[in-house]
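Let me begin by presenting the structure, written as structure tokens, before commenting on it.
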Amino acid sequence: MELVFCWNIKLDLLWLACRLNILETVLSKVFTFCFGPSSSPDIPLFKRFQAAWPSIHLNNLKPLEKATDKDNLNVNAVNSLLDILMTETQSRDDYMELIELSLLGLGHSLDNVHWRAPGALHRARWMAKLLYAIKIFLFREEDVFETTQREKSQLERFVKFRMLVYVKYWFEAPMAANAPWSDLSLWKDMTTYEAIDPQISEVVKNAIKSHLWYLSDELVGLSLFSDKVTNNANAETVKKIRCEPTDRKVRGDSSLLSDQAELADFANQRSLQVFEKVKINSTFLNTDPNEWNINQHWRETNRKKPESC
């Protein structure tokens, strides 16, 4: 279908996948791994918790136990969430609730928590699934709501991944310029996560390999406008943009993924096409990245870049 359409309009298309959907797919794989497959739209554990909620003591929460192997991930997650909380206004109440619950689960104290009763739930509603899981985990020691050891183990594995790694990338997801950096950073975080749960790490990495849309040579150039990427890294990407491209792939080459991989590894001359297709000036590439902030063409281009994906 793509070949026929591209042939008719005489153009190659840019494949701009929705990153929230990509991350929902990743979470779906982890959820199924932890809790097992099911054809039912309901989740019995969550329905039991919904019924028990009126009797839950909100001051009896128990956060994630800290351990050396996850201290760095914990600190990074807390700092990211606090930054979001202080600098961004959330358009949805459940987004704010997700931030607050995640911070509580990571052991960070909050002066004011907006507790909301568990609402409607369906297996396809991933935000509700996130909120339910962390609430159950926080109140897992409540006498009014009993869980089996198997359920506690399932919850801990799912919630631990969600709080330590997943949630910060969820809030980064709509930012187009950060998309290539975010995907590569998530891969590297999952390498670190192997020390905590090697099976979850493998599940996530396999899911990421199928969704490297923003690490394609065509879209990796978006990272040149990300404030997450250093000037030195941008300089390396600009060098690689001078290289001849290989065969076109709409997704990034998963064989390039490693602990040492850099964004520049995914770039070549085809990376310039994103500038051409959205009609933005790329002459700033001829200057030192340390001077881009004072370069008129870069500043104009930075204002025109795609804002969300």
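Odds and ends about this structure:
- Single residue of THR230, THR237 found to be within 28 Å of the chain's Cα centre (by Cα) and under 18 Å from GLU218 (Cα atoms): THR237
- Any hit, segment 102-121, residues being among the hydroxyl-bearing types (Ser, Thr, Tyr) and within 18 Å of the chain's Cα centre (by Cα): yes
- For the criterion of being of a type outside the set (S, T, N, Q) and under 29 Å from LYS29 (Cα atoms), TRP213 passes.
- Elements of type helices (runs of 4 or more DSSP H) in segment 37-119, at least 3 residues being more than 13 Å from LEU131 (Cα to Cα): 44-52, 71-87
- THR87 being hydroxyl-bearing (Ser, Thr, Tyr) and under 24 Å from GLU194 (Cβ atoms): no
- Within segment 2-23, tally of residues that are touching a helix residue (DSSP H, G or I) at 6+ places or on another chain (Cβ under 8 Å), modelled with pLDDT of 70 or more and farther than 13 Å from TYR169 by Cα: 5
- Flag for ALA133 being at pLDDT below 85 and among the small types (Gly, Ala, Ser): no
- Test: residue in segment 165-175 that is small (Gly, Ala, Ser) and buried (at least 22 other Cβ atoms within 10 Å of the Cβ): no
- Yes/no for LEU98 being surrounded by 12 or more Cβ atoms within 10 Å (Cβ to Cβ), touching a residue at least 24 places away in the same chain (Cβ under 8 Å), touching a helix residue (DSSP H, G or I) at 6+ places or on another chain (Cβ under 9 Å) and under 17 Å from PHE171 (Cβ atoms): yes
- If the condition is being aromatic (Phe, Trp, Tyr) and part of a helix (DSSP H, G or I), then segment 136-189 contributes PHE137, PHE158, PHE161, TYR166, TYR169, TRP170, PHE171, TRP181, TRP187.
- Unmet criterion (only one of (1) of a type outside the set (Gly, Ala, Ser); (2) under 21 Å from LYS277 (Cα atoms); (3) modelled with pLDDT of 90 or more) for VAL26: (2)
- Residue match in segment 158-174 (condition: farther than 30 Å from LYS239 by Cβ, of a type in the set (Lys, Arg) and outside the structural domain of SER258 (by TED's automatic domain parsing)): yes
- Pair list, Cβ under 9 Å, 6 or more apart: segment 128-140 residue assigned by TED's automatic domain parsing to the domain that holds LEU155, other residue among the small types (Gly, Ala, Ser) and part of a helix (DSSP H, G or I): LEU130/SER102; ILE134/SER102; ILE134/GLY105; PHE137/GLY105; LEU138/GLY105; PHE139/ALA52
- Look at (1) touching a residue at least 24 places away in the same chain (Cβ under 8 Å); (2) outside the structural domain of THR87 (by TED's automatic domain parsing) and you find that GLU194 fails only one, number (1).
- Here ASP69 clears all of (1) at positive phi; (2) modelled with pLDDT under 85; (3) not aromatic (Phe, Trp, Tyr) except the condition numbered (1).
The values are calculated or read from the model by the stated rules, or taken from the named source; none is laboratory data. Computed from a predicted structure; not experimentally measured. Cβ sites come from the backbone with ideal geometry, for glycine too, and all protein chains shown count toward neighbours.
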